[in-house]
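Trainee: Just passing along the structure, written as structure tokens.
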Amino acid sequence: MSSEEHIETEEERCCGSKGEGVSGTDDHQDPAPEPLITEKEVGTGQKKVRIAVVGCSHGEMDAIYETMAKIEEKKNYKFDLLICCGDYQAVRNYGDLPHMSIPAKYSSLQTFYKYYSGEKVAPVLTIFIGGNHEASGYLCELPNGGWVAPKIYYMGFANCIQFAGLRIAGLSGIYSYFDFDFAHFERPSFSGKDVKTVYHVRNVDMFRLRQLKPANEDKSSNPIDIMLSHDWPTGIPDYGDKQWLFRMKDQFEADHENGKLGNPAGMKLIYECRPRYYLAAHLHIAFAALFPHKGSGTDRPQPTRFLSLDKPIPGRQFMQALEINVAEDAKMELSYDPHWLAILKNTDLLTTAEHEKIVCPDRVGSQPCVYERKDFRPTAEELEEIEKLGDLTIKTDTFRHTAPPLKEDNQSARNVPPSAYYRNPQSAEFCQWLGIRDLNQMLIEKSPEYVGVPFYMIPQSDESDSKPNQDDVDFGDEDFIIDRGHEDHEPETKKSKLEPEEVIEEDKNKTVGGEEAETQ
């Protein structure tokens with residue numbers, strides 16, 4: 001793949017100190033640093049793919065798409081893809097709001113529900129990762145990713161997919177030391193602190209992403225084109241204009257010096273996977289950095305270009321146009337990455353819904369090793385098995401309404417109980433196809449009293465007579481139980497059998513880059 005790419009100049013940005021905000025206003029006192037990238041021409045046999053990137057979406061999909069349309073009209077081109085870096089807020093109806101960890105004054109339906117219901121259709125293919133302000137009940141239905149609405153794809157807890165031949169890896173959530181080593185056990189009704197811990201990054205997901213690193217003898221490649229995470233890798237300000245950053249956000253400096261600004265394990269993804277771009281959000285400021293990789297001459301990989309963006313309000317730099325050269329015959333569609341599929345199969349033994357710690361193979365240390373291998377990068381034989389799966393294109397017709405869509409936002413629509421938890425046919429179909437454990441089903445089996453009948457399976461629903469994939473998905477012997485009200489329910493806590501007993505004291509120090517960055 002060619003290394004020729006371009007991030008548009010400050011003047012071309014759709015928001016910022018010299019750019020065009022949603023309302024054309026400008027509240028920056030000091031312009032953000034310019035990404036250190038220059039434009040290059042398209043080579044023979046190549047074409048440009050144009051990608052719009054936004055920081056925190058906060059449910060403002062109408063405003064985001066309208067801003068994209070203005071840029072397209074001004075520049076006389078069309079975007080091929082939109083990437084959203086978390087806090088997407090895929091709220092289907094008012095029942096999803098109780099499943100969000102968000103201050104009451106920011107608890108709002110926003111505009112995603114229109115795209116879920118079918119009132120509107122996304123004008124461009126959209127992909128996103130989760131942040132810390134999400135409709136977590138909905139996203140838990142799709143731990144391995146899936147369509148949350150037509151043309152809008154959620155990447156799951158962790159994923160690597162392809163678009164036009166570009167490899168895009170993503171990690172949902174934000175970092176918390178206390179929950180990092182635990183499995184994904186949270187599910188509706190999110191009793192106690194579960195509504196907060198559900199969006200915390202897990203080491204098992206980062207371990208899987210690290211298996212995307214190149215072979216040991218490969219010293220010069222950038223195997224990942226774009227890496228996404230919601231919070232920043234700890235330490236990344238050192239590779240940009242941190243003096244400017246700390247002038248704009250003076251509360252960041254102490255956390256940065258203490259190693260508490262962002263995800264301390266995130267930098268390892270940059271070291272090992274060497275992405276060409278690393279895109280983030282969460283801290284509500286546009287910031288660019290350039291991370292050089294070791295090597296010399298032709299053995300040196302391209303540097304990783306880090307860019308974090310703001311939230312979509314007037315005068316904030318929340319959107320960036322990204323141009324990358326791809327093969328002329330590259331298809332403008334999503335497909336599964338074969339290496340990632342092999343990694344999911346290789347690490348299937350790490351998938352559990354228990355409230356327990358998971359000791360990943362590369363962290364066993366002096367403990368007795370319970371794994372046959374530590375390196376789960378796919379072998380040639382394992383990739384051959386993936387080839388036998390056939391076409392890896394991500395089907396676009398598998399979306400189904402699990403929760404009832406909101407057809408009209410009126411007062412009666414607001415008086416609904418919290419959403420139930422649903423069995424999502426996309427998760428069932430994907431896991432059966434790949435031959436791995438289905439975390440969506442495992443979570444449902446842990447608390448069936450909160451499980452609802454998916455809307456598309458209800459006879460009187462608009463979709464009940466058009467379910468082409470329903471007969472192909474085996475839901476097993478489980479019953480779909482209509483949710484009739486939620487009672488307090490504390491999940492049972494278990495210690496992992498793979499580690500000794502230990503006591504963790506609660507850290508009372510709050511950090512901006514972690515869970516405590518709870519404001520919109």
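Trainee: Note down the relative contact order for the stretch 36-97 as a percent, whole number, built from C-alpha pairs under 8 angstrom at least six residues apart. Intermediate results must be reported in sequence, preceding the final value.
Mentor: Numbers: 52 pairs, mean separation 27.0, N = 62.
Reported as a whole number, the value is 43 percent.
Trainee: Right, next: Mind ordering 313-322, 395-404 by average Cβ neighbours within 10 Å, highest first? Each step should come with its number before you reach the end.
Mentor: On the way: 313-322: 22.7, 395-404: 17.7.
Ranked from most to least packed, the peptides come out as 313-322, 395-404.
Trainee: Relative contact order for the stretch 399-448 using alpha-carbon pairs under 8 Å, separation at least 6, rounded to a whole percent? Intermediate values should be presented prior to the final figure.
Mentor: Numbers: 23 pairs, mean separation 16.8, N = 50.
That works out to 34 percent.
Trainee: Starting from the coordinates of the alpha-carbon atoms of the stretch 297-365, obtain the Kirkwood hydrodynamic radius over all distinct pairs and give the value in Å to one decimal. Could the numbers behind the result be given before it?
Mentor: Numbers: mean 1/r = 0.0556 Å⁻¹.
Computed over Cα pairs of the stretch 297-365, the Kirkwood hydrodynamic radius comes out at 18.0 Å.
Trainee: Using 29 Å as the Cα-Cα cut-off, could you pick out the over-long pairs in Lys105/Lys407; Lys193/Lys311; Lys196/Lys388? Mind showing how you got there, number by number?
Mentor: On the way: Lys105/Lys407 24 Å; Lys193/Lys311 26 Å; Lys196/Lys388 40 Å.
The pairs that break the limit, which is 29 Å between Cα atoms, are Lys196/Lys388.
Trainee: Can you give me the relative contact order of the stretch 156-273 as a percent, contacts being Cα pairs under 8 Å and 6 or more apart?
Mentor: Numbers: 154 pairs, mean separation 33.8, N = 118.
Rounded, it is 29 percent for the stretch 156-273.
Trainee: In what sequence, highest mean first, do 200-209, 345-354 appear when ranked by Cβ atoms within 10 angstrom? Show your work: numbers first, answer last.
Mentor: Details: 200-209: 22.2, 345-354: 17.8.
Listed from highest to lowest mean packing, they are 200-209, 345-354.
Trainee: Strictly over 19 Å apart at the Cα level, which of Lys48/Lys78; Lys357/Lys446; Lys268/Lys294; Lys48/Lys294 would you flag in this model? Walk me through the intermediate numbers first.
Mentor: Values: Lys48/Lys78 11 Å; Lys357/Lys446 17 Å; Lys268/Lys294 14 Å; Lys48/Lys294 29 Å.
Correct reply: Lys48/Lys294.
None of the figures in this text is laboratory data; all of them are computed from the coordinates on show. Remember, predicted model here, so these are calculated numbers, not experimental data. We place every Cβ from the backbone using ideal geometry, glycine too, and count neighbours over all the protein chains shown.
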